[in-house]
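Participant: Below is one structure. I have some questions about it.
The values are calculated or read from the model by the stated rules, or taken from the named source; none is laboratory data. Every value quoted in this text rests on a predicted model; they were computed, and no experiment measured them. Please note: Cβ atoms are built from the backbone with ideal geometry, for glycine as well, and neighbour counts cover all protein chains shown. The accessibility values were calculated without ligands, DNA or RNA, using every heavy atom of the protein model including side chains. Shrake-Rupley method; radii C 1.70, N 1.55, O 1.52, S 1.80 Å.
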Amino acid sequence: MASCVNDCVARITSVLGPFAIPAFALFGVLSIFSCGYKVLNAFLSLFVLSGTNLRKFGPKGSWALVTGASDGIGKEFSLQLASKGFNIFLVSRTESKLAELATEIEKKYDGVETKILSMDFARNDSADYARLKTQIEGLDIAILVNNVGKSHDMPVPFLETAQKEMDDIIAINVTGTLRVTQLVAPGMASRKRGLILTMGSFGGLLPTPLLATYSGSKAFLQHWSTALGAELARDNVQVQLAVGYLITSAMSKVRKPSMTIPTPKMFVKACLGKIGVKGTAAGMEGTITPFWAHGVMHWAIQEVLGIWNGTVLRKNLGMHAAIRKRALKKREREAAAGKKGL
């Protein structure tokens, strides 16, 4: 390796002649400046700069529509947006949970109105989307939070993934997000303001073996969201994809928070405080990685190792293989305990 570098340097020196040393010096200065700029930008974005004031997207009393609203991150988005004076339209599968959350919001925040719609995104039922279209007619929806999502029950090889599991992931993560956005975004464009916030994932940022279908669905949302943002910029509608690593939730199956694993409340607070701050996601257009520890991880992987790096890919594979092994052993123990109970 060293001999190849030396040979390359020798060839460049022979071509540049007396300009070789100044050229190498200039290259070194520019490299140091570029690296310093990236580090400073990441630091300021993650720890200093604040995001766009949410009032830019709609006045007090306008609406925020949240999908997957009844639990976890979706529930927290609903509560925190209500605390900022937005009326909340709650969409999720379980009607009883939606009704309970709607009551909680209206009791806790004076003057805030709620609407609920129960729909199972896995069914991809056009009648559900027709009902949603009817109910949002005439509403000033300033913020859309595309939060509904589904992952695999456990890490699984693609060749062993059940057809229903694949269909549900695509119907919920991809088709549901696209169909809801097509219903809501035209009103935003006509009013020349709005925010479309879609939940991304490290699983979409990094190719993730043993979660291949989920990883692909989130990677799709990354490209779609950035492309949509470019289209809607002329209508003053901001589109953001929020990338997160692990968060304590039913989907992640992580219950205990840590320095790198926030609660939904911590993550949502960070997310709403970093809308539009580009440096949080290592400069990826239309993307934020709002929680500081996740942002540091994102920056380090992208700038130092590379998202498509083979070592990162193998590390990801090993981590999820270990998770699958533990999950299978737990399933075996539960099955054995069930047999003893009989």
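Participant: Return yes when MET154 is surrounded by 15 or more Cβ atoms within 10 Å (Cβ to Cβ), under 17 Å from THR208 (Cβ atoms), in contact (Cβ under 8 Å) with a residue 60 or more places away in the chain and under 21 Å from the mean Cα position of the chain (by Cα) and no when it is not. So that I can check it myself, show each step before the final result.
Facilitator: Values: surrounded by 15 or more Cβ atoms within 10 Å (Cβ to Cβ): yes; under 17 Å from THR208 (Cβ atoms): yes; in contact (Cβ under 8 Å) with a residue 60 or more places away in the chain: yes; under 21 Å from the mean Cα position of the chain (by Cα): yes.
So MET154 fits the description; yes.
Participant: Applying the selection to region 73-97, what residues are under 17 Å from ALA250 (Cα atoms), touching a strand residue (DSSP E or B) at 6+ places or on another chain (Cβ under 8 Å) and surrounded by 22 or more Cβ atoms within 10 Å (Cβ to Cβ)? Before the answer, list the steps.
Facilitator: Step one: list which residues in region 73-97 are under 17 Å from ALA250 (Cα atoms), which gives 73-77, 92-94, 97.
With touching a strand residue (DSSP E or B) at 6+ places or on another chain (Cβ under 8 Å) added as a condition, the list becomes 73-74, 77, 92-94.
Scanning region 73-97 gives ILE73, GLY74, PHE77, SER92.
Participant: May I ask you to list the residues in region 60-71 that are modelled with pLDDT under 95 and either assigned to a helix (DSSP H, G or I) or in contact with an Asp or Glu (Cβ under 9 Å, 6 or more places away or on another chain) (or both)?
Facilitator: Taking region 60-71 as the starting set, the residues that turn out to be modelled with pLDDT under 95 are 60-61, 70-71.
Within region 60-71, GLY61, SER70 qualify.
Participant: May I ask you to list the residues in region 123-151 that are part of a loop (DSSP other than H, G, I, E, B) and either under 19 Å from MET199 (Cα atoms) or in contact (Cβ under 8 Å) with a residue 12 or more places away in the chain (or both)?
Facilitator: Going residue by residue through region 123-151, those that are part of a loop (DSSP other than H, G, I, E, B) are 124-125, 137-140, 147-151.
Those that are part of a loop (DSSP other than H, G, I, E, B) and either under 19 Å from MET199 (Cα atoms) or in contact (Cβ under 8 Å) with a residue 12 or more places away in the chain (or both): ASN124, LEU139, ASP140, ASN147, VAL148, GLY149, LYS150, SER151.
Participant: Out of the residues in region 107-121 meeting the condition of being out of contact with any strand residue (DSSP E or B) (no Cβ under 6 Å at 6 or more places or on another chain) and open to solvent by 30 Å² or more (accessible area, probe 1.4 Å), tell me which one is farthest from ASN53 (Cα to Cα).
Facilitator: Per the criteria, the residue is ASP120.
Participant: Has region 286-295 got at least one residue that is at pLDDT 90 or above, open to solvent by 30 Å² or more (accessible area, probe 1.4 Å) and either over 15 Å from the mean Cα position of the chain (by Cα) or among the charged types (D, E, K, R) (or both)?
Facilitator: In the first step, residues of region 286-295 are kept if they are at pLDDT 90 or above; the result is 286-295.
Pick out the ones that are also open to solvent by 30 Å² or more (accessible area, probe 1.4 Å) and you get 292.
After this cut, where a residue has to be either over 15 Å from the mean Cα position of the chain (by Cα) or among the charged types (D, E, K, R) (or both) as well, the list is none.
Scanning region 286-295, I find no residue that is at pLDDT 90 or above, open to solvent by 30 Å² or more (accessible area, probe 1.4 Å) and either over 15 Å from the mean Cα position of the chain (by Cα) or among the charged types (D, E, K, R) (or both), so the answer is no.
Participant: Sticking with this structure for a sec: Contact list please: Cβ distance under 6 Å, first residue in region 171-193 and closer than 15 Å to THR134 by Cβ, second residue open to solvent by 20 Å² or more (accessible area, probe 1.4 Å), pairs at least six apart or on different chains.
Facilitator: From residues that are closer than 15 Å to THR134 by Cβ, the pairs are LEU183/LYS133.
Participant: All but one of (1) touching a residue at least 60 places away in the same chain (Cβ under 8 Å); (2) assigned to a helix (DSSP H, G or I) hold for LYS330; state the number of the condition that does not hold.
Facilitator: Only one criterion in (1) touching a residue at least 60 places away in the same chain (Cβ under 8 Å); (2) assigned to a helix (DSSP H, G or I) is unmet by LYS330, namely (1).
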